[in-house]
Amino acid sequence: MIVTDGPGHAMSPPVQEPCYRSFWKITSTREVPELGPGPRRGVLPRRELEARLDVWATEQELDPDAATRLRASALLYHDHHDAAHDIVQDLNDVEGALIHGILHRREPDYWNAKYWLRRAEAHPIYVALGRRLPQLVLNAEQQALAKQLTLPGAFEPLAFVDLCEETERRPALDPSVVWLRQVQHAEFEELVRFLVED
């Protein structure tokens with residue numbers, strides 16, 4: 001299709017920003033989510049976040065099912081656990097179980113998190129995250145943690161729950177906690193990528 005900006009002036013249609021990138025443009029925060037429930041500074045109020053998501057989903061012409069799962073993910077990313085839970089408790093698919101598991105892991109309700117994550121253990125995001133994890137490793141301690149999380153290759157969500165539980169009482173600036181938060185952020189990124197590209 002050719003768009004004109006007047007007689008004799010043809011121009012290309014505007015290039016739409018990739019869906020994945022535009023999602024993070026409206027939802028990114030200064031800090032990545034805590035392993036626990038938060039709330040942290042800098043998250044958007046629920047109404048503002050949902051208004052942004054409504055406009056974005058319409059612009060992207062998203063499938064309603066994908067939009068629902070992305071809304072739950074964004075709400076959870078911004079520490080709106082109850083609102084995210086209201087959505088995922090009615091989802092009966094593997095993505096709903098995955099988001100449900102992340103939510104309970106952050107609550108923290110580790111047993112319940114494992115219950116839900118077992119329903120999503122073989123999810124494609126964990127293969128992608130297993131390949132990506134070495135890029136997040138900067139030192140020997142992180143390498144040891146990464147090994148725990150990627151045996152036999154794909155990311156192991158239940159092992160991640162165990163590490164979150166082991167580090168629960170450590171201070172926020174503990175290097176292991178800081179690194180695990182980066183891993184959790186990467187998990188959110190891979191989930192969003194899957195939902196917008198699927």
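For this structure, a couple of remarks:
- The angle between the Cα long axis of helix 140-149 and the longest principal axis of the Cα atoms of the chain comes to about 80 degrees, rounded to the nearest 10.
- Projected area, mean over directions - the range 83-136, Cα convex hull, nm²: 4.1
- For the range 51-171, the equivalent ellipsoid derived from the Cα gyration tensor has semi-axes of 27, 17, 14 Å, listed largest first.
- As a length-normalised measure over Cα pairs under 8 Å and 6 or more apart, the relative contact order of the chain settles at 21 percent.
- Length released on extending from SER22 to SER176, taking residue separation times 0.36 nm less the Cα-Cα span: 52.4 nm
- Packing-based ranking, highest mean first, of 70-76, 143-149 given that Cβ atoms within 10 Å are counted: 70-76, 143-149
- Pairs of C-alpha atoms in the range 63-102 farther apart than 17 Å represent 13 percent of all such pairs.
- Helix 94-106 axis, angle to the chain major axis (alpha carbon atoms, nearest 10°): 50
- Cα long-axis angle, helix 124-136 against the chain (0 to 90 degrees, to the nearest 10): 70
- Among GLU121, GLU34, GLU59, residue whose mean-square fluctuation peaks in a GNM of the chain (springs only between Cα atoms under 10 Å): GLU59
Taken together, the values in this text are just the output of simple stated rules run on the coordinates, not laboratory data. Because the structure is a prediction, the values reported are computed rather than measured. Every residue, glycine as well, gets a Cβ built from its backbone with ideal geometry; the counts of neighbours run over all protein chains shown.
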